[in-house]
Amino acid sequence: MPVPPPVQPVFRFAPSPNGLLHLGHALSAIVNHDMAAAMGGRLLLRIEDIDRTRCRPEFEAAIFEDLAWLGLTWEQPVRRQSDHLDLYAAALERLRAMGLVYPSVMSRGEIKAAVAAAEASGEPWPRDPDGSPLYPGRERELSAREQEALIAGGRPHAWRLDVAKAVGRLAEPLTWQG
């Protein structure tokens, strides 16, 4: 049986050009750069520029200036998320066809209010490791017909992955190599 080629580790730094980099960004970029170098891997720079209302060319230019000032280099070309929207749309359609995503319509304010109401009544709200409240996911329980009606109503929505369904249908058992 042939031996597979060794896997080259890939690291990435993915800033969004909607503001200037801060110290946390710089640390993340440096750590990923140094780990890639130490492991003979690759460092990719991916510009998260799909929020067209907040991303600005001057912030992207500042990202490149700051990273150069830090002495960091990365593989070319830089990947811009906005250049690949057609790929993401196709992937979303595959996930929709598989029933693994649902439309979420709650605004940040509505989420905050739901969390506050639950916690005020003594109900603990689930949170991620950083302490941010998890999305309620109430729309996940709606039927396909109810979800379509929600979308047809014209309310802004985003598609969320139903992780439990995806893991149940698609995931192989996770294994780790040391």
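The values are calculated or read from the model by the stated rules, or taken from the named source; none is laboratory data. These numbers come from a predicted model, not from an experiment. Here Cβ is always computed from backbone atoms with ideal geometry, including for glycine, and neighbour counts include all displayed protein chains.
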Point to revise | Qualifying residues in the stretch 98-130 (those that are out of contact with any Asp or Glu (no Cβ under 8 Å at 6 or more places or on another chain), at pLDDT 90 or above and among the hydrophobic types (A, V, I, L, M, F, W, C)) - the one surrounded by the most Cβ atoms within 10 Å (Cβ to Cβ) | key: V115
**Study point:** Scan of the stretch 3-34 for residues that are among the β-branched types (V, I, T) and not in a helix (DSSP H, G or I), ordered by number
**Key:** V3, V7, V10
Review point. Could we say that R52 is of a type in the set (D, E, K, R), assigned to a loop (DSSP other than H, G, I, E, B) and free of Cβ contacts under 8 Å to residues at least 40 places away in the same chain here?
Key: yes
Check your understanding: Does E60 satisfy the condition of being surrounded by 13 or more Cβ atoms within 10 Å (Cβ to Cβ), closer than 14 Å to P15 by Cβ and either out of contact with any Gly (no Cβ under 9 Å at 6 or more places or on another chain) or not β-branched (V, I, T) (or both)?
Key -> yes
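D34 - would you say it is over 28 Å from L161 (Cβ atoms), more than 19 Å from the chain's Cα centre (by Cα) and either aliphatic (A, V, I, L, M) or surrounded by fewer than 16 Cβ atoms within 10 Å (Cβ to Cβ) (or both)? Give the steps one after another, and end with the answer.
Working: over 28 Å from L161 (Cβ atoms): yes; more than 19 Å from the chain's Cα centre (by Cα): yes; either aliphatic (A, V, I, L, M) or surrounded by fewer than 16 Cβ atoms within 10 Å (Cβ to Cβ) (or both): yes.
For D34, the condition - over 28 Å from L161 (Cβ atoms), more than 19 Å from the chain's Cα centre (by Cα) and either aliphatic (A, V, I, L, M) or surrounded by fewer than 16 Cβ atoms within 10 Å (Cβ to Cβ) (or both) - is met.
Just for helices (runs of 4 or more DSSP H) wholly inside the stretch 66-178: which have at least 3 residues that are outside the structural domain of G41 (by TED's automatic domain parsing) and closer than 30 Å to P9 by Cβ?
Output list reads 85-97, 163-170.
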Exercise for review: Output yes when any residue across the stretch 84-91 is touching a strand residue (DSSP E or B) at 6+ places or on another chain (Cβ under 8 Å) and among the aliphatic types (A, V, I, L, M), and no when none is.
Suggested key: no
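Based on what the data block shows, is Y102 hydroxyl-bearing (S, T, Y) and either touching a Cys at 6+ places or on another chain (Cβ under 7 Å) or over 30 Å from R56 (Cβ atoms) (or both)?
Here the answer is yes, as Y102 does meet what is asked.
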